[in-house]
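The values are calculated or read from the model by the stated rules, or taken from the named source; none is laboratory data. Since the model is a prediction, treat every value here as computed from it, not as a measurement. Note: ideal-geometry Cβ built from the backbone for every residue, glycine included; neighbour counts use all protein chains shown. SASA here: full protein model, heavy atoms, side chains in, ligands and nucleic acids out. Shrake-Rupley method; radii C 1.70, N 1.55, O 1.52, S 1.80 Å.
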Amino acid sequence: MATASVSFKSREDHRKQLELEEARKAGLAPAEVDEDGKEINPHIPQYMSSAPWYLNADKPSLKHQRNWKSDPNYTKSWYDRGAKLFQANKYRKGACENCGAMTHDKKSCMERPRSVGAKWTNINIAPDEKVESFELDYDGKRDRWNGYDPSTYTRVIADYEAREEARKKYLKEQQLKKLEEKDGEDGVENAASEEDEEDGLKIDEAKVDESAQMDFAKVEKRVRTTGGGSTGTVRNLRIREDTAKYLLNLDVNSAYYDPKTRSMREDPLPDADPNDKFYVGDNQNRLSGQALEFKQLNIHAWEAFEKGQDIHMQAAPSQAELLFKSFQIKKEKLKSENKDKIMEKYGNAASEEPIPRELLLGQSEREIEYDRTGRIIKGQDVALPKSKYEEDVFINNHTTVWGSWWKDHQWGYKCCKQTIKNSYCTGLAGIEAAEASADLMKTNMARKEAAEDEPVRHEEKRLATWGTDVPNDLVLDKKLLDEALKKEGARRKEEMDERKRKYNVKWNDEVTAEDMEAYRMKRIHHDDPMKDFLR
């Protein structure tokens with residue numbers, strides 16, 4: 001299966017190869033062995049097991065999937081900086097004319113140019129440098145810390161420690177100086193002020209033991225956080241007895257937990273008692289406190305920037321917050337002004353006297369008795385409350401109001417069935433006239449459709465061959481037609497061959513019906529598929 005080069009196989013060999021591969025996959029045949037004696041997994045796809053053609057691999061192998069390009073000559077070591085090899089006592093031929101070293105020439109010398117070189121003075125000969133050449137691999141060429149000596153960082157640590165010691169020494173000297181001044185002055189009058197000064201000069205070493213302080217600053221373990229870096233010491237971590245948020249509800253359909261950001265937006269226990277829950281989801285933090293105010297501030301900055309204002313939340317946050325506050329003040333002021341205008345125009349129902357119950361619910365305690373037909377026997381009929389608009393007002397001799405009739409998606413008057421508002425009422429006569437006009441319109445439309453169905457007969461005209469009307473008494477002479485055909489053929493041959501054209505040409509303007517018929521018969525139609533055979 002893991003063959004490298006694909007050679008030609010017959011159909012029978014290919015079938016046997018497939019059967020062998022299926023048997024190996026099923027475990028009925030032993031697995032294929034590579035050149036190192038290792039078994040090859042028969043389930044490896046062919047595009048992974050087959051080696052490229054340029055490797056010329058004759059035996060099955062998986063070396064092409066390993067790091068077969070690795071060269072043992074590659075190294076990750078670095079140059080020995082500042083190493084010297086040999087210190088000469090006198091100038092040697094071929095050495096640097098400036099310093100006398102054999103490892104470089106005068107042009108590449110890094111020493112200060114001497115007024116008289118070592119070639120002529122033969123003194124202060126520089127030692128030979130150690131020149132190395134490495135063949136680095138891919139990682140070695142791109143290793144930014146290759147050749148770095150970690151011991152050089154001890155100088156930085158020593159510098160900071162020296163500064164810290166000098167600071168402590170200075171503070172001790174200041175403290176002793178204040179104590180000496182305190183002993184020389186009266187302790188009764190200046191006790192309070194001196195105690196304040198002493199408290200101000202006390203350092204952290206007086207409160208915390210030095211060993212304990214050094215132990216506290218020790219970072220025992222780096223803990224990765226969302227912002228990167230470390231959290232200090234292990235003691236700053238959460239209590240191990242706290243239950244992780246993704247373990248609060250093990251149901252697969254519960255709140256989703258994102259392991260990359262360690263966030264769970266929804267509440268994992270929505271049905272539990274709120275007093276017993278210590279975690280209700282990350283959305284609680286996003287929808288409470290100052291998170292909503294910050295969100296509204298960002299939205300206001302975006303909308304103001306889109307409308308042309310020079311505002312940016314990240315570049316100038318103070319300016320954006322001041323503009324948002326001024327916007328809110330103006331908004332509240334405008335809202336209060338609109339409210340006052342509406343209350344001034346329509347009144348305030350909340351501050352007025354309450355509406356009577358009879359008008360509010362349409363009910364009363366008066367008793368009314370009706371008979372079977374619906375007539376009132378005892379009591380007084382309830383008067384329907386009318387609105388502030390005029391009702392049952394009939395205009396232009398109408399007996400019904402506008403909107404009492406509906407037809408074909410149009411409102412109208414029921415008394416005369418008119419759909420034109422503010423029109424004069426025509427009564428029953430208008431209704432009959434409208435129905436008669438509708439019937440007449442239907443009759444005319446049916447007559448028009450019947451007339452359109454009948455085809456229009458056009459008189460056929462006989463046209464002559466040259467486009468005019470054919471007379472009824474037109475008769476073509478066959479002999480003259482034959483002669484005209486011969487003349488037309490000769491004329492066409494003369495047009496095709498200019499050598500047969502005569503010098504003296506006779507022209508005749510008289511065209512007969514036979515000549516026109518011969519021209520029509522000899523004329524070539526470009527759309528005719530047999531036009532090449534008419535010549």
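Here are the numbers for this structure:
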| item | result |
| --- | --- |
| Pairs with Cβ under 7 Å, 6+ apart, first in the stretch 88-103 and assigned by the TED database to the domain that holds Ser115, second of a type in the set (Ser, Thr, Tyr) and in a loop (DSSP other than H, G, I, E, B) | Gly100/Tyr91 |
| All positions within the stretch 120-139 that are at pLDDT 90 or above and surrounded by 15 or more Cβ atoms within 10 Å (Cβ to Cβ) | Ile125, Ala126, Pro127, Asp128, Glu129 |
| Within the stretch 145-161, tally of residues that are open to solvent by less than 100 Å² (accessible area, probe 1.4 Å) and part of a helix (DSSP H, G or I) | 8 |
| Every pair of residues 6+ apart whose Cβ atoms lie under 8 Å, when the first sits in the stretch 9-26 and is open to solvent by 70 Å² or more (accessible area, probe 1.4 Å) while the second is of a type outside the set (D, E, K, R) | Lys9/Gln17; Lys25/Pro42; Lys25/His43 |
| Count of residues meeting criterion [open to solvent by 90 Å² or more (accessible area, probe 1.4 Å) and closer than 15 Å to Gln296 by Cα] in the stretch 318-353 | 5 |
| Positions within the stretch 88-144 being in a loop (DSSP other than H, G, I, E, B), among the hydrophobic types (A, V, I, L, M, F, W, C) and out of contact with any Pro (no Cβ under 8 Å at 6 or more places or on another chain), in sequence order | Ala95, Cys96, Cys99, Met102, Cys109, Met110, Val116, Ile123, Ile125, Ala126, Val131, Phe134 |
| Flag if Gly94 is of a type outside the set (A, V, I, L, M) and touching a Phe, Trp or Tyr at 6+ places or on another chain (Cβ under 9 Å) | no |
| So Ala301, is it small (Gly, Ala, Ser), assigned to a loop (DSSP other than H, G, I, E, B) and either in contact with a helix residue (DSSP H, G or I) (Cβ under 8 Å, 6 or more places away or on another chain) or open to solvent by 70 Å² or more (accessible area, probe 1.4 Å) (or both) | no |
| Residue list for the stretch 81-124, filter: among the basic types (Lys, Arg) and over 30 Å from Thr152 (Cα atoms) | Lys90, Arg92, Lys93, Lys106, Lys107, Arg114, Lys119 |
| Tabulated pairs, the stretch 260-282, first on the phi > 0 side of the Ramachandran plot, second of a type outside the set (Val, Ile, Thr), C-beta under 8 angstrom, 6+ apart or interchain | Gly281/Ala255; Gly281/Met264; Gly281/Arg265; Gly281/Glu266; Gly281/Asp267; Gly281/Pro268 |
| Of all residues in the stretch 244-263 being charged (D, E, K, R) and open to solvent by 100 Å² or more (accessible area, probe 1.4 Å), the one that is farthest from Asn283 (Cα to Cα) | Lys260 |
| First in the stretch 107-119 and at pLDDT 95 or above, second anywhere and of a type in the set (Asp, Glu) and open to solvent by 70 Å² or more (accessible area, probe 1.4 Å), Cβ under 7 Å, 6 or more apart | none |
| Residues of the stretch 421-451 satisfying the condition of being loosely packed, with under 10 Cβ neighbours inside 10 Å and assigned to a loop (DSSP other than H, G, I, E, B) | Asn422 |
| Any chance Arg142 is open to solvent by 70 Å² or more (accessible area, probe 1.4 Å) and over 30 Å from His43 (Cβ atoms) | yes |
